[in-house]
Structure formats: C-alpha cells, structure tokens
Amino acid sequence: MQRLDSKTGKAKWYRKDGLTTVISSILSILIGLAVGTLIIIAVGLSKDTISTNGIIEGIKLVFLGVFSTGRDGGVLTFGFNPVNFGNMLFRATPLIMTGLSVAVAFKTGLFNIGAAGQYLMGTMGTLSVGLTLAWKGCPAWLVWIAALLVGMLLGGLWGAIPGLFKAYLNINEVITCIMTNWIAANLVTWWFEAHDVFKNSAEGGKVGYIIPLKNVGVSTPKWGMEALFPGSQANGGFWVACLIAVIMWVIMTKTTLGYELKACGSNRHAAKYAGINDRKNIVLSMVIAGALASAGGCLYYLSGNTEFFWSTYMTLPADGFNGIPVALLAANHPIGVIFAGIFMSMLNVAGLQLKYLTAYNEYIADIIIATIVYLSAFAMFFKLMIKGRRKANEDGKNVNAETVEEGGKA
Amino acid sequence: MTSEYVIEMNHIRKEFPGIVANDDITLQLKKGEIHALLGENGAGKSTLMSVLFGLYQPEAGTIKKDGVEVKINNPNDATALGIGMVHQHFKLIEVFTVLDNIILGAETTDKLGFLKKKEAREKVMALSEKYGLKVNVDAKVEDITVGMQQRVEILKMLYRDNDILIFDEPTAVLTPQEIDELMEIMRGFAREGKSILFITHKLNEIMAVSDRVTVLRKGKYIGTVNTKDTNKQELSNMMVGRPVQLEIHKEPAKPTDVVLKVEGLSVPSKIHKNDAVKNVSFEVRKGEIVCIAGIDGNGQTELVHGLTGLEKASGGRIELLGKDISHASIKKRALAGMSHIPEDRHKHGLVLPYTLEQNMVLQRYKEDRFQHMGFIKFDEVREYTEKLIEEYDVRSGQGPVTVARSMSGGNQQKAIIARELDRDEPLIVAVQPTRGLDVGAIEHIHSQLVAERDRGKAILLISLELDEVLGLSDRILVLYEGEIVGELDPAKTTPEELGLYMSGAKRNVNNGKEDGQDAETRQ
C-alpha cells in the first residue's frame with residue numbers, strides 16, 4: 001500500500017510508481033553530473049595549466065556538451081549543433097539495442113550479461129552475409145534486410161545457449177553468458193582469420209579491418225536524418241532501434257507472450273503450476289535478448305560509416321556491457337531505454353567536446369557514466385525514499401503489512 | 001508496593017502510515033498465569049507484542065512491570081526486564097549447533113575472552129532436564145525437527161532467566177502430538193511462577209491451556225475474559241465480530257460417477273532415493289469430499305505433485321473422467337478437468353509481483369475470451385476480475401490492480417480459491433486450503449467447498465488439521481510414509497483413532513498387496 005493523502009485518500013502524485021522511477025533515475029543522473037563537476041574542479045585546481053576560466057568551461061561542457069558549437073574568439077559558444085546531435089543519435093543506436101536486450105531479459109528474470117558476445121555474433125553474421133550477397137549481385141535493399149535478419153538470427157541462437165543451460169541444467173545464466181562472450185570473441189576472430197575474402201586489403205595502410213558494407217553499396221538509408229542533422233553520422237538505424245523498442249514494449253505489456261515471459265521471470269514455480277512451459281519461455285527470452293543485442297551490432301555496421309576491427313579475441317565491445325547501465329537507468333522500461341541510450345551517448349559526445357575544446361580529456365565522461373551506473377543500482381533506494389518508509393514497515397513484520405491492508409479496506 | 005500484575009500495558013496506541021494497528025489497547029498479565037491473546041490475522045496481536053518486546057515504540061500508552069512504569073526501547077531492554085519471546089518464524093542460525101544458538105548473544109567468557117562453553121552446556125542440560133525440553137545440544141539446527149527447533153527457542157528464553165514468556169503462534173508448525181507436549185511444558189512454566197503470553201487464533205488451544213483471554217479485533221481492544229467462564233463460540237464471536245459457525249454444516253454426500261481414478265501411483269522423493277508416494281490407489285467421485293489425512297511430510301506434497309503433473313510419477317496410472325492423464329502435461333491435465341488450490345500460495349499459487357487481475361487469468365489468458373491474436377483483452381480481464389472479487393469477497397486496497405504481494409494472506413488465498421473454483425472443473429484438488437487463515441476466512445472457504453461438492457464436484461482435500469479432516473470430508477484416506485494405511489468414515493471415527501492411523505500404529509488397507517482389498521474395506 002502506498003501512503004495515502006489524508007485529504008483525498010489517493011496516493012500523492014509524486015508517489016506514483018512510474019513517476020518515482022523516473023525521478024530516481026534523474027536523481028542518479030544529477031548526482032553523477034555533480035560528481036563529474038567536482039572532478040573537473042579538482043583536476044583544474046591541481047594543474048597549473050588550467051585556469052579558473054578553464055574550469056568553468058569544463059563544467060559548462062559536461063552539462064551542455066551536445067550544444068557546444070566550438071569557440072568563437074577564444075570563448076566557448078553554445079547553440080544547436082546538428083553534427084553533435086546527429087552523432088549522439090548515431091552512437092545511441094547500438095546502446096539502445098543492447099539496453100533493450102538487457103532490459104527484456106531482466107523483465108523475465110534473467111541477467112543477460114552476454115550482450116557483448118551476441119553483439120559480436122550479429123556483427124559477424126551481418127558482415128559475412130552482407131558482403132557475400134552483394135558480391136553475388138543481390139540488390140542493395142535485399143542485402144540490407146537479409147544481413148540484418150541473419151545477424152539477429154545468429155545473435156538469437158547465441159543467446160539460446162545460456163538459455164538452454166539455464167532451463168534444462170539450472171546453470172546460472174551469468175556464468176554461461178560470460179563464457180559465451182569470450183567464445184564469441186574467439187569464434188569471430190577465427191572466422192575472419194580463416195576467410196581472407198572479407199578482409200579489407202584494397203585500401204592501403206589498413207590492417208585488420210573487414211571491408212565496410214558501404215564499399216559494396218550497402219548502407220542504412222538516412223530516412224530524413226541528413227536533413228535534420230546535416231554533416232553528422234546519423235542514419236535511419238536510429239529509427240529502426242526506436243521502432244524495435246516500441247515493438248518490445250507492446251510485446252511485453254500487451255500480449256500473451258509478454259505475460260508468459262514475465263510470469264516465468266517473476267515466479268517460475270507459479271508459471272509452471274499454471275501450465276506455462278517455463279523452460280521454453282526461459283530459452284525464448286534469451287533468444288529475444290540475443291537477437292536484440294545482435295541487432296545493435298548489425299545496425300552499427302550496416303550504417304555505412306563504420307569499419308569492423310576483426311581481431312577481437314582480446315576485447316569485447318563496450319556497447320555490449322554499456323547495455324546494462326542503459327537498462328538500469330531506464331528501469332528496464334523499453335521506451336525508457338531509448339532515452340537512457342541517448343543520454344549515455346550524449347555523455348560520450350560531451351566527453352569528446354571536452355577533449356577537443358579544453359585541456360581535459362574525454363575520460364571525465366566515463367567517470368560520470370560510472371558514477372551513474374553505480375547510482376542506478378541505488379535507484380530502488382531512491383524510490384523508497386520518495387515513497388516514504390512504506391517498504392520498511394512491510395518488511396518489519398508481515399503482520400503489519402496485513403494490518404495496513406485491513407486499514408485500507410475499512 | 002507490589003502490583004497484582006507482572007506486566008501492564010495501558011492504553012497502547014501504535015500507528016503505521018495510514019492505519020492504526022493498536023488503538024487504545026490494555027493488556028494485564030498476572031504472575032503465574034497463561035494469558036492468551038486472541039485475534040484474527042491483522043488484528044494487531046503481533047504489533048502489540050512487538051511493542052512489549054521493544055521492537056516498536058508506541059505513540060501513546062504506558063508499560064508497567066510489577067507496577068513500575070518502564071520504557072522498553074529495544075529487545076535488550078526487554079531481556080533485561082525478563083521478557084522473552086518465541087517468534088512464529090524461528091530466529092535460529094541453521095549451521096550453528098543447538099548450544100551455540102542458545103548462548104548466542106548471552107555468552108559468558110573468561111578473562112581472556114574465551115567462551116565458557118562447559119558451564120553453558122551444564123546450564124542448558126539442567127534446564128532441559130527440569131522442564132522436559134528434550135534437545136540434542138550438539139546437533140546442528142538444520143538437522144533437527146521443527147518441534148525441537150521450537151524447544152531450542154524456549155531454552156533460549158530460559159537460559160536468559162526470563163520469567164515473562166511470549167509465544168507467538170507457537171503451534172502453527174507443530175504436529176498434534178507436539179502441540180500436546182508444548183501445552184504440558186507451558187503448564188509447567190505457569191506452575192513455576194512464570195507468566196506466559198500466548199498469541200494464537202486457535203480456540204481449542206486457548207480452551208485447553210489458558211487462564212484468561214484478551215481479544216483484539218481490527219486493532220481495537222474487545223475484552224478480557226476468564227477462560228473457564230467462556231466457550232469457543234463466544235470467543236469466536238468476539239474475535240470476528242459476528243456469530244460464526246464453528247461446526248461445518250453439510251448434508252450426507254451422495255457420490256455418483258468416478259471422476260478421478262488413481263491406480264498404483266508412485267512418485268519419487270526429492271530428499272531420498274526411494275519413492276515418497278508408494279503404489280497408492282484411490283478414487284474420487286462426483287459429489288464427495290475425499291480427504292487425504294496424515295502428519296506433514298508423509299508424501300502429501302508429492303502425491304499432489306504427481307497428480308497435477310508438477311512432478312513426474314515413477315509409476316502408476318491416473319484417470320480423469322475416464323481419460324488417461326498419467327503422462328499428460330500440467331496444462332493438459334488442467335484442461336482435462338482439474339482445478340488445483342496449491343499448498344504454497346506464494347510459491348505456486350500467485351505471481352506476487354503481478355496484479356490481482358493478472359493473477360486471476362493465470363491459466364486462462366490464452367482463452368479466446370481474454371485474448372485476440374495474442375493481444376490481451378484488458379477490459380475483459382478487468383471485468384472478469386471484478387466479477388470474481390464481488391462473488392468471492394476478495395478484498396484488496398486497489399481492487400483489480402492491487403499487487404498480489406500487498407494483499408493479506410487470507411485474501412490471497414481467497415483470490416486463488418476464486419480463480420480455481422470459477423474455472424468450474426469437475427475435480428478440485430485443494431491442498432491445505434485454510435492454512436494460516438483465521439476463523440472467519442476458514443468458515444467461508446469450508447462452506448464454499450461444501451457448496452461445490454453439492455453442485456456435483458469431486459473434491460480431493462489434503463489437510464493436516466484434524467478438525468478440518470473430520471468436519472469437512474466424506475471419506476478419509478490416511479497417508480503414512482507414502483502409503484495409504486487406512487480408509488475411514490468420518491462419522492464413525494474419532495480423533496484418537498485417526499491419530500493412531502496417522503502415526504502408523506494401525507492400518508486397515510494393504511494397498512496393492514491383495515487385489516480387491518481396497519474395495520472390501522470401503523464397504
């Protein structure tokens with residue numbers, strides 16, 4: 001029971017569930033930015049090369065980096081910068097997809113830490129199929145669709161592996177996800193190592209890159225992005241990600257499939273009792289999560305201005321893991337993931353502005369992100385603070401929860 | 001000046017956000033008496049005891065010990081005043097030994113800080129001897145029975161020299177035999193001059209053991225009466241606030257066609273390698289309530305899991321309405337005509353983070369009535385839930401959108417029963433349908449089950465409560481160590497006879513060993 005207003009008998013507006021979630025996320029963000037500000041001040045004070053004015057500029061860029069339009073006469077200028085905005089949306093695309101992947105899995109009771117591996121498998125599928133089909137003379141639009149679908153399929157299958165282990169052997173998905181991440185990294189490296197045709201040897205001086213799909217005439221259409229944000233890398237991939245997010249929201253909240261998946265996630269035993277196939281649903285939700293994460297990789301490398309460094313066995317893509325904070329910040333809400341993804345990439349853009357325009361480096365942005373990630377784990381705590389001490393009372397004694405309930409009726 | 005009362009709680013008021021849990025409650029405990037505190041779930045009993053034990057601070061009111069006003073800020077203050085409490089859910093460390101658990105928090109050490117375990121052991125042994133509290137002090141708590149765990153909790157109080165003992169629903173987890181033992185122990189304490197506060201909603205126990213009873217209802221003080229001057233009916237009326245039917249009124253059963261036929265069913269155990277249910281055969285017919293009786297842990301859970309498909313049977317045949325469902329999935333069994341009120345309402349019965357309306361369609365969300373092309377028809381679900389709420393009197397804070405977790409236990413159970421009964425299947429498997437509920441809710445659920453029987457349903461009831469077994473069923477099957485050892489007619493048997501079968505001392509069925517034996521005994 002929520003604490004009720006003494007006059008109206010209704011829950012106070014700021015204690016409504018959805019709103020408290022948003023507020024607690026915003027609190028995390030503000031505290032993260034405040035920490036970033038403190039670091040800028042501390043770094044500025046400790047270095048002779050940074051003046052008081054430099055510190056103020058740094059703080060301005062942390063908050064308004066995406067609005068930065070460079071310098072005019074030595075003074076930072078701000079305004080609408082289509083390049084920054086466009087790049088922000090471009091970089092947000094894979095984050096939205098991996099964020100969705102983590103969020104959807106989490107809603108069904110699974111912690112998908114394997115988004116990085118699924119992302120890599122998707123990338124491999126997209127590039128290999130895209131290039132092969134294009135060489136065979138398929139029309140570009142068909143290649144684009146086929147490459148995306150095959151990439152997502154491959155990611156989905158990759159996600160199924162931890163799902164199967166969880167469902168049939170009750171092995172924790174976190175462990176198998178971490179293992180499949182590294183297996184994917186080595187598998188992808190081996191695949192491109194073994195298939196020289198995909199390597200970009202045509203362009204001199206480039207070593208270790210796969211031929212970009214734009215070289216064979218395949219890239220994501222702009223779909224109005226070039227008019228909105230001229231000069232930026234933004235493309236239609238962002239709209240595709242948004243569309244997928246909306247579709248996921250509909251599936252999770254409006255359909256019997258979402259009902260089943262969430263029931264299994266919330267209480268596997270009750271789902272089984274009700275005749276829902278709990279094993280099937282666990283595997284299915286990992287397949288969906290895998291397909292979503294891999295779509296991030298597919299859309300990124302289909303965009304037309306990216307190149308894949310294939311020797312990846314030592315590193316996993318950061319976007320795979322950054323899906324976790326995106327999902328946390330969005331409180332696992334598919335639509336919230338869009339905004340959380342944009343916000344995270346906005347910080348990236350701000351970091352780059354810091355690097356280009358001031359004596360600071362872009363890692364300040366990473367510190368802010370890290371702080372926010374840390375705080376988003378506290379989101380529940382913030383929620384409780386806003387809602388009053390309701391939960392504490394419920395936990396204190398079961399009987400009290402019932403007492404409260406009695407009171408609600410009377 | 002000494003007071004007649006060892007503890008007095010005067011005009012206690014305790015509020016929680018949006019609710020007054022204790023409203024002007026007075027409780028006076030005499031030295032050497034067993035004082036029962038009676039009330040339904042949510043009446044404020046545990047809150048009042050938590051105030052006495054220092055877990056909550058009251059907004060108003062005073063507490064006196066031996067006539068002197070005291071302030072109890074935390075459980076340590078309570079312990080210093082000689083107040084001890086056995087909680088409903090034991091507060092023991094499973095991997096510690098009994099002795100370690102008893103001395104925890106009250107350890108005595110020598111000058112170098114080493115535990116003086118030998119002295120502690122001697123003291124515990126002496127107490128155990130004196131009050132007949134048999135425990136194995138070196139066993140780990142995880143390895144001992146629930147009854148023995150409770151004795152450990154009692155020894156904890158005695159070890160701290162407490163003379164005011166609070167028992168919070170102590171019998172909820174005990175078998176009938178253990179309950180008798182506990183009653184005897186409590187009487188022994190009272191003779192010693194210790195004062196006992198006994199929280200319960202079971203009237204039999206109050207009549208058996210207490211000297212006086214204080215009744216609470218919805219946070220309010222209703223009255224205090226001498227046990228010898230009252231009776232169960234009066235107490236239950238005070239507790240519920242309206243006349244309650246304690247006896248279950250029902251016409252004799254008129255069973256007709258066989259609905260469920262079980263032949264030689266065996267179900268493996270999760271704990272050991274043998275079968276938990278061994279070669280069990282029985283039938284349930286239309287219009288009768290067949291009760292599986294037995295002490296907890298004799299294969300009841302496994303039998304139900306085998307029947308409903310939650311667990312794979314290792315042998316045997318199950319027929320529902322003439323259709324073999326021995327190997328059918330849970331869903332197919334449900335669709336073939338089986339409702340199941342599960343034993344554990346939190347584990348199986350409800351998806352607690354889901355709302356009431358989402359829980360109401362847990363098995364039915366795929367029916368055309370509630371979905372179209374995979375999209376849930378929210379209006380239909382809402383309407384259906386509102387109908388069930390109305391018909392089955394399910395109460396909750398926010399109606400259909402109440403989160404199941406926030407509902408009281410009684411209403412959670414009512415919601416499950418509403419869902420299962422409304423599916424209108426020919427067979428209802430009801431497992432401990434009234435566990436942990438208060439008198440009012442039990443009465444309601446019993447009359448609903450009888451009504452379903454009279455409508456021609458076949459009901460298989462699994463119960464641990466003797467009153468329920470004898471009062472509700474038309475036929476009793478006693479399960480002992482996974483076998484049906486007796487088939488009894490509730491009208492012709494006594495609790496004592498039933499107890500003999502339940503403890504394995506007597507049997508009148510040799511299942512599977514001689515063909516036709518079942519049928520003969522039934523005549």
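The values are calculated or read from the model by the stated rules, or taken from the named source; none is laboratory data. Because the structure is a prediction, the values reported are computed rather than measured. All Cβ positions, glycine included, derive from the backbone under ideal geometry; neighbour counts span all protein chains shown.
Here the condition is being in a helix (DSSP H, G or I), over 29 Å from the mean Cα position of the chain (by Cα) and at negative phi; of A:L133, A:L64, A:L120, A:L76, it holds for A:L133 alone. Annotation: of all residues in the range B:247-268 being surrounded by fewer than 17 Cβ atoms within 10 Å (Cβ to Cβ) and within 25 Å of the chain's Cα centre (by Cα), the one that is nearest to B:Q28 (Cα to Cα) is B:E247.
Among residues of the range B:397-409 that are touching a residue at least 40 places away in the same chain (Cβ under 8 Å) and more than 9 Å from chain A (Cβ to nearest Cβ), those with a Cβ under 7 angstrom from a residue that is in a helix (DSSP H, G or I) and among the polar types (S, T, N, Q), sequence gap 6+ or separate chain, pair up as B:P400/B:T385; B:A404/B:N359; B:A404/B:Q412.
Determine whether the range B:334-346 contains at least one residue that is more than 24 Å from the chain's Cα centre (by Cα), free of Cβ contacts under 8 Å to residues at least 24 places away in the same chain, assigned to a loop (DSSP other than H, G, I, E, B) and more than 9 Å from chain A (Cβ to nearest Cβ). Scanning the range B:334-346 turns up at least one residue that is more than 24 Å from the chain's Cα centre (by Cα), free of Cβ contacts under 8 Å to residues at least 24 places away in the same chain, assigned to a loop (DSSP other than H, G, I, E, B) and more than 9 Å from chain A (Cβ to nearest Cβ). Selection of the range B:43-69 for residues being among the hydrophobic types (A, V, I, L, M, F, W, C) and touching a helix residue (DSSP H, G or I) at 6+ places or on another chain (Cβ under 8 Å) yields B:A43, B:L52, B:F53, B:L55, B:I63.
For B:E465, state whether it is under 23 Å from B:Y501 (Cβ atoms) and surrounded by fewer than 23 Cβ atoms within 10 Å (Cβ to Cβ). Criteria met by B:E465. Considering only residues of the range B:372-393 that are within 11 Å of chain A (Cβ to nearest Cβ) and crowded, with 21+ Cβ neighbours inside 10 Å, which is nearest to B:R423 (Cα to Cα)? Only one residue fits best here, namely B:V381. If we scan the range B:33-48, do we find a residue that is on the phi < 0 side of the Ramachandran plot, at pLDDT below 90, among the hydroxyl-bearing types (S, T, Y) and under 28 Å from the mean Cα position of the chain (by Cα)? Yes, the conditions are met somewhere in the range B:33-48. Being touching a residue at least 40 places away in the same chain (Cβ under 8 Å), out of contact with any strand residue (DSSP E or B) (no Cβ under 9 Å at 6 or more places or on another chain), closer than 20 Å to A:Y119 by Cα and assigned by TED's automatic domain parsing to the domain that holds A:S294 holds for only one residue in A:A146, A:A160, A:A167, and it is A:A160. Taken together, the residues in the range A:307-325 that are surrounded by fewer than 17 Cβ atoms within 10 Å (Cβ to Cβ) and assigned to a loop (DSSP other than H, G, I, E, B) amount to 4. When the criteria are applied in full, B:S329 meets the requirement of being within 8 Å of chain A (Cβ to nearest Cβ), more than 23 Å from B:T434 (Cβ to Cβ) and surrounded by fewer than 17 Cβ atoms within 10 Å (Cβ to Cβ).
The condition of being in a helix (DSSP H, G or I), in contact with a Pro (Cβ under 6 Å, 6 or more places away or on another chain) and touching a residue at least 12 places away in the same chain (Cβ under 8 Å) does not hold for A:W239. The set of residues from the range B:78-122 being among the hydroxyl-bearing types (S, T, Y) and surrounded by 15 or more Cβ atoms within 10 Å (Cβ to Cβ) comprises B:T79, B:T97. Restricting attention to the range B:49-65, the residues that are over 29 Å from the mean Cα position of the chain (by Cα) and either of a type in the set (S, T, Y) or within 11 Å of chain A (Cβ to nearest Cβ) (or both) add up to 1.
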